[in-house]
Structure formats: structure tokens, C-alpha cells
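First comes the structure, then the notes that go with it.
The values are calculated or read from the model by the stated rules, or taken from the named source; none is laboratory data. All of these numbers come straight from a predicted model, not from anything done at the bench. Every residue, glycine as well, gets a Cβ built from its backbone with ideal geometry; the counts of neighbours run over all protein chains shown. We work out accessible area using only protein heavy atoms, side chains counted, and drop any ligands, DNA or RNA first. Shrake-Rupley method; radii C 1.70, N 1.55, O 1.52, S 1.80 Å.
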Amino acid sequence: MAFELPQLGYAYDALEPHIDARTMEIHHSKHHNGYTTKLNAAIDGTDLEGKSIEDILMGLDMNNAGVRNNGGGFYNHRLFWEVLNPEDRGRLSGELLDAVNEAFGSKDAMIEQFSKAAATRFGSGWAWLCAYPGGKLEICSSPNQDNPLMPGVGCGGHPIMALDVWEHAYYLNYQNRRPDYISAFFKVVNWNAVEAKYAVAK
Ligand code: MN
């Protein structure tokens, strides 16, 4: 079974004005679609065919550029769309809030640290909130389409919140103002989705 471009589950304009419809449309239908198509081409006829994307990434040969870039691109964007779902966003609460308070001191301090990781990632990449088995949280960033599931990326645990800081994610609306885009992300993040991912990851 080849990987398929995941449906957003919401309209391209659902995150306006924070993330504009044109950016969402190009990002999903062109960029994410491209990663999905190229991932399928990269695993076609290899022993990776038929594995889950998580298994592919966790066992990745980092010298395999085709699978590294496109497998990362496929997985990372899927998580990103899920934590942006505008339905029933909720508030940071429950066990996730407890873990945030324990790791960072407060919700605001977590957002500040995450925003700093996103703002200081030079060039293209991603910022992550990750959960280790047992529930401990960590924030980090990675270059290009690398992610914390890959071996040796330098941050651990299972990603539960992702922010794309490639210029293609914000340039049409924000140009070089990456910090404004990062602030906008926290106006549309779906805490219920992040909390559900935390419950599974821990
Ligand atoms: Mn992207």
C-alpha cells in the first residue's frame, strides 16, 4: 500500500487570518503532495514498502536522502495539519498541562521556549514538542525535514506538536517576519489534538 496524501479535514481558509488560504492550499496540495509522491517512489520495490511511516523513520538509514527528506516531509506535515485542526481547539489542560508545568514551569514559559526554538532554527526546519515514554516533555528543533523519530537527530521522544518554519509555510503572508508567524501558530493550535497525542506517546 502506497502512502496517500492525508486530507486536511478542514477548508484551506479555516485558519484565516492567522494562516492564509493560499499558503495552506499550496502547502498541502503541492508541497505535502510532492513529499508523498516522492516517498512512494523512494520506497518502491525496497524492503521499506508496507512498513508504517513511524517504523520507516525510526529505523532510517540517514544516508538514504530520498526516504529521509520525503518520509520526513510526509510525516511532519501530517502532524502539523492535525495540530492545526480548527475544530474544538480546547485549552491546554489536564495531564499535558501538569507535564508542561513540570518541564517548563508554565504554559507561557513552554510557548516562549518553543517559539525560540522555531525562531532560531537557521534556514529550513521544524520546531517540536516531544513526549518521552513516562511523560517527560522536551522542546527542540531540527533542520530540513528531519524529525525526532529519526536516529541521531538530537532530540528525543515522540513528537506531539510540530511547527513548520520553512519559508514556504509563511512567506506569502509574513515574508521575512517568522516571529509573527510563530505567534500566529499559537492562536490556531489545537490543544485537544496535542493532548490526545500526549496521551498516546507517554
Ligand atoms: Mn512545509
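Quick notes
- For the chain, the mean residue ellipticity at 222 nm estimated from helices alone is -13500 deg cm²/dmol, where every DSSP H run of n ≥ 4 contributes -39500 (n - 2.57) and the total is divided by all residues, rounded to the nearest 500.
- Per residue, the chain exposes 47 Å² of solvent-accessible protein surface, assessed with a 1.4 angstrom probe and all protein chains in place.
- Cα-based shape type of the chain, given that a ≥ b ≥ c are square roots of the gyration tensor eigenvalues and the cut on a/c is 1.5: oblate
- Selection from Val165, Asn33, Pro133 lying farthest towards where the dipole of the chain points positive, charges on Cβ: Val165
- Annotation note: trypsin sites (Lys or Arg not before Pro) in region 49-137 located in DSSP loop regions with a Cβ neighbour count of at most 10 within 10 Å are Arg91.
- The magnitude of the dipole of region 20-202, with charges of +1 and -1 set on the Cβ of Lys/Arg and Asp/Glu and taken from the Cα centre, is near 400 debye.
- With 29 Å as the limit on Cα-Cα distance, the pairs of Lys30/Lys202; Lys51/Lys107; Lys51/Lys116; Lys30/Lys187; Lys38/Lys202 that go past it are Lys30/Lys202; Lys51/Lys107; Lys51/Lys116; Lys38/Lys202.
- Between region 12-88 and region 176-202, the alpha-carbon center distance in angstrom: 17
- Exposed chymotrypsin sites (Phe, Trp or Tyr not before Pro) absent: longest stretch of the chain, with sites in DSSP loops and at most 16 other Cβ within 10 Å deemed exposed: 11-121
- Here the relative contact order of the chain, from alpha carbon pairs under 8 Å that lie six or more residues apart, stands at 25 percent.
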